[in-house]
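A.B. asks: Just passing along the structure, written as structure tokens.
The values are calculated or read from the model by the stated rules, or taken from the named source; none is laboratory data. For clarity, every value in this text was computed on a predicted model and none was experimentally measured. Note that we place each Cβ from the backbone using ideal geometry, even for glycine, and neighbour counts take in every protein chain shown. For accessibility, only protein heavy atoms count, side chains too; no ligands or nucleic acids. Shrake-Rupley method; radii C 1.70, N 1.55, O 1.52, S 1.80 Å.
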Amino acid sequence: MACAAQFVWCRGEADLWITIESQKELADLISVCSQERWPLLVVGAGTNILYADAGVRGIVARVNLHDYSMETQADGTAIVTAEAGIRWSELIQRLVPLGWGGLEFGIGIPGTLGAGVVSNAGAHNQDLGQALIWIDVLDARGCNVAEEGEYAQPLVRRYYHEDLALGYRHSRFREQPITQIDQDGQVILTSHGLITPAELIMTVALRVHRQDPAELSALRDQHVEYRKQIEPSYRHLGSIFKNPPGTTAHDLIKKAGLAGKTQGKAQISEQNANYILNLGGASAQDIVDLIVEAHQRVLAQSGVALVLNIELLGEWDSLIGTAPGAIVARQ
């Protein structure tokens, strides 16, 4: 199975990899997995995921839902109702020529709208939450708590902006921390249920406003050029860490002397040290080794415990041979 993190390829495999083309297909798949007790991992573009070299056990389902519609409002705005699998950049490229603004700041952000809600993704002092009205979620939490022989159906729930606890790279869907690194350099994996994630964003409603198409195009192009300056053009994973208050993870890692550091075929980017490059054939373990070293060196030098912005998924325990729930990167 290819690692879906942006342009970084890993060697692990899934027992079954499928693509979902409709919301009904996803609901039916969850129901079957709940009944048969088959592990299911649902992903979008997967740009913030690093899979283990040993792969993922169970079914991995990629959600390929990318339709959208628009409804103009009396106040001159419009509501865009989009399926969560649409790429943010794809939606922007469709809206800008029509003179609809409010999302163009995210032109260089990889991934889907659904993932953007989970992390409240943003750039240029703006975030997706500023345009968000409501989302529809397929709630499979009942499937995860059902006992052997029981059967639970996923439920559709609507959440409005005020229900989502939106903050810097945070939403209610990140209230349970993703992968963490402790002060000793131990990587703590997130525990997962039968269906992961247990709440699946299906539809996103966003408010956009009228703006001159030429101005929007210029602003979009400006954001694209800025992205080129801060993001490596080489195959990469990142951003690895969230930016701490008052500084950036890039500056802290660079200050720790790790820009350009290599491990196997992986390298901390010299252009932006909050990204890790795949120089060709890098293993997931190579990348994790660099992530842990950056975390520990920054903690020792600056006293800042960097928080991961990516998640580790798959069979890390069997690969490294540590106790369930934690892995230790090689030093």
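A.B. asks: Take the residues of region 46-64 that are outside any strand (DSSP E or B) and open to solvent by less than 20 Å² (accessible area, probe 1.4 Å): which is modelled with the lowest pLDDT? Before you say what the answer is, go through the steps one by one.
C.D. replies: Going residue by residue through region 46-64, those that are outside any strand (DSSP E or B) are 46-48, 52-55, 64.
Narrowing further to those that are open to solvent by less than 20 Å² (accessible area, probe 1.4 Å): 46, 52, 55.
Details: GLY46: 75, ALA52: 89, GLY55: 86.
Only one residue tops the list, namely GLY46.
A.B. asks: Restricting the first residue to region 288-310 and requiring it to be in a helix (DSSP H, G or I), which pairs with a second residue that is open to solvent by 50 Å² or more (accessible area, probe 1.4 Å) meet a Cβ separation below 6 Å and a spacing of at least six or different chains?
C.D. replies: ASP289/GLN263; ASP289/ARG330; LEU290/GLN263; LEU299/ALA305
A.B. asks: While we're on this one: Within region 180-194, can one find any residue that is over 30 Å from LEU98 (Cβ atoms), of a type in the set (Ser, Thr, Tyr) and open to solvent by 60 Å² or more (accessible area, probe 1.4 Å)?
C.D. replies: So in region 180-194, the residues over 30 Å from LEU98 (Cβ atoms) come out as 180-194.
Next, only the ones that are of a type in the set (Ser, Thr, Tyr) stay: 190-191.
Applying the additional criterion that residues be open to solvent by 60 Å² or more (accessible area, probe 1.4 Å) yields 191.
Yes, there is a match, as at least one residue in region 180-194 is over 30 Å from LEU98 (Cβ atoms), of a type in the set (Ser, Thr, Tyr) and open to solvent by 60 Å² or more (accessible area, probe 1.4 Å).
A.B. asks: Here's another thing I want to ask about it. From GLN285, GLN267, which residue is outside any loop (DSSP other than H, G, I, E, B) and out of contact with any strand residue (DSSP E or B) (no Cβ under 8 Å at 6 or more places or on another chain)? Walk me through it before giving the result.
C.D. replies: Numbers: GLN267 fails: out of contact with any strand residue (DSSP E or B) (no Cβ under 8 Å at 6 or more places or on another chain).
That would be GLN285, the only listed residue that is outside any loop (DSSP other than H, G, I, E, B) and out of contact with any strand residue (DSSP E or B) (no Cβ under 8 Å at 6 or more places or on another chain).
Yes/no matrix, rows are residues, columns are (1) open to solvent by less than 10 Å² (accessible area, probe 1.4 Å); (2) among the β-branched types (Val, Ile, Thr); (3) touching a residue at least 60 places away in the same chain (Cβ under 8 Å):
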position: PHE241; (1), (2), (3): yes, no, yes
position: GLY246; (1), (2), (3): no, no, no
position: LEU252; (1), (2), (3): no, no, no
position: ALA259; (1), (2), (3): no, no, no
position: GLN263; (1), (2), (3): no, no, no
position: ILE268; (1), (2), (3): yes, yes, no
position: ALA273; (1), (2), (3): yes, no, no
position: LEU277; (1), (2), (3): no, no, no
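A.B. asks: If I filter region 132-143 for residues that are over 21 Å from LEU164 (Cβ atoms) and open to solvent by 10 Å² or more (accessible area, probe 1.4 Å), do I get at least one hit?
C.D. replies: no
A.B. asks: Related question: What are the pairs with Cβ atoms under 7 angstrom where one residue, in region 172-198, is closer than 23 Å to ALA300 by Cβ and without any contact (Cβ under 8 Å) to a residue 60 or more places away in the chain and the other, located anywhere, is of a type in the set (S, T, N, Q) and open to solvent by 50 Å² or more (accessible area, probe 1.4 Å)? Sequence gap at least six, or different chains.
C.D. replies: none
A.B. asks: Then there's this: For region 9-20, indicate whether the set of residues that are at pLDDT 90 or above, of a type in the set (Val, Ile, Thr), more than 18 Å from the chain's Cα centre (by Cα) and in a helix (DSSP H, G or I) is non-empty.
C.D. replies: No: region 9-20 contains no residue that is at pLDDT 90 or above, of a type in the set (Val, Ile, Thr), more than 18 Å from the chain's Cα centre (by Cα) and in a helix (DSSP H, G or I).
A.B. asks: Within region 117-130, can you find the residues that are in contact with a Lys or Arg (Cβ under 7 Å, 6 or more places away or on another chain) and either closer than 20 Å to GLN222 by Cα or open to solvent by less than 10 Å² (accessible area, probe 1.4 Å) (or both)? Before the answer, list the steps.
C.D. replies: Taking region 117-130 and keeping what is in contact with a Lys or Arg (Cβ under 7 Å, 6 or more places away or on another chain), we get 118-120.
Correct list: ASN120 only.
A.B. asks: Right, something else. Tell me yes or no: at least one residue of region 104-111 is over 15 Å from GLY46 (Cα atoms), in a strand (DSSP E or B) and either modelled with pLDDT under 95 or β-branched (Val, Ile, Thr) (or both). Show your work before the answer.
C.D. replies: Our first condition is that a residue be over 15 Å from GLY46 (Cα atoms); within region 104-111, this holds for 104-108.
Going one step further and asking which of them are in a strand (DSSP E or B), we end up with none.
No; the residues of region 104-111 include none that is over 15 Å from GLY46 (Cα atoms), in a strand (DSSP E or B) and either modelled with pLDDT under 95 or β-branched (Val, Ile, Thr) (or both).
A.B. asks: Let me ask another. Hey, among the residues in region 101-111 that are out of contact with any Leu (no Cβ under 8 Å at 6 or more places or on another chain) and open to solvent by 10 Å² or more (accessible area, probe 1.4 Å), which one's nearest to THR77 (Cα to Cα)?
C.D. replies: ILE107
A.B. asks: Would you confirm, using the coordinates I've provided, whether ILE86 is at pLDDT 95 or above, of a type in the set (A, V, I, L, M) and under 26 Å from GLU25 (Cβ atoms)? Even if it seems obvious, please write down each step before you answer.
C.D. replies: On the way: at pLDDT 95 or above: no; of a type in the set (A, V, I, L, M): yes; under 26 Å from GLU25 (Cβ atoms): yes.
When the stated conditions are applied, ILE86 does not pass them.
A.B. asks: Now, a different point. Condition check: touching a helix residue (DSSP H, G or I) at 6+ places or on another chain (Cβ under 6 Å), of a type outside the set (S, T, N, Q), open to solvent by 40 Å² or more (accessible area, probe 1.4 Å) and assigned to a loop (DSSP other than H, G, I, E, B). Does ALA152 satisfy that? Break it down stepwise before answering.
C.D. replies: Working: touching a helix residue (DSSP H, G or I) at 6+ places or on another chain (Cβ under 6 Å): yes; of a type outside the set (S, T, N, Q): yes; open to solvent by 40 Å² or more (accessible area, probe 1.4 Å): no; assigned to a loop (DSSP other than H, G, I, E, B): yes.
No: the conditions fail for ALA152.
A.B. asks: While we're here: So, of the residues in region 198-233 that are open to solvent by less than 30 Å² (accessible area, probe 1.4 Å) and assigned to a helix (DSSP H, G or I), which turns out to be farthest from GLN126 (Cα to Cα)? Working first, answer last.
C.D. replies: We begin by selecting, within region 198-233, every residue open to solvent by less than 30 Å² (accessible area, probe 1.4 Å); these are 198, 200-206, 208, 216, 223, 231-232.
Among the residues that remain, those that are also assigned to a helix (DSSP H, G or I) are: 216, 223.
Details: LEU216: 15, HIS223: 12 Å.
The residue in question is LEU216.
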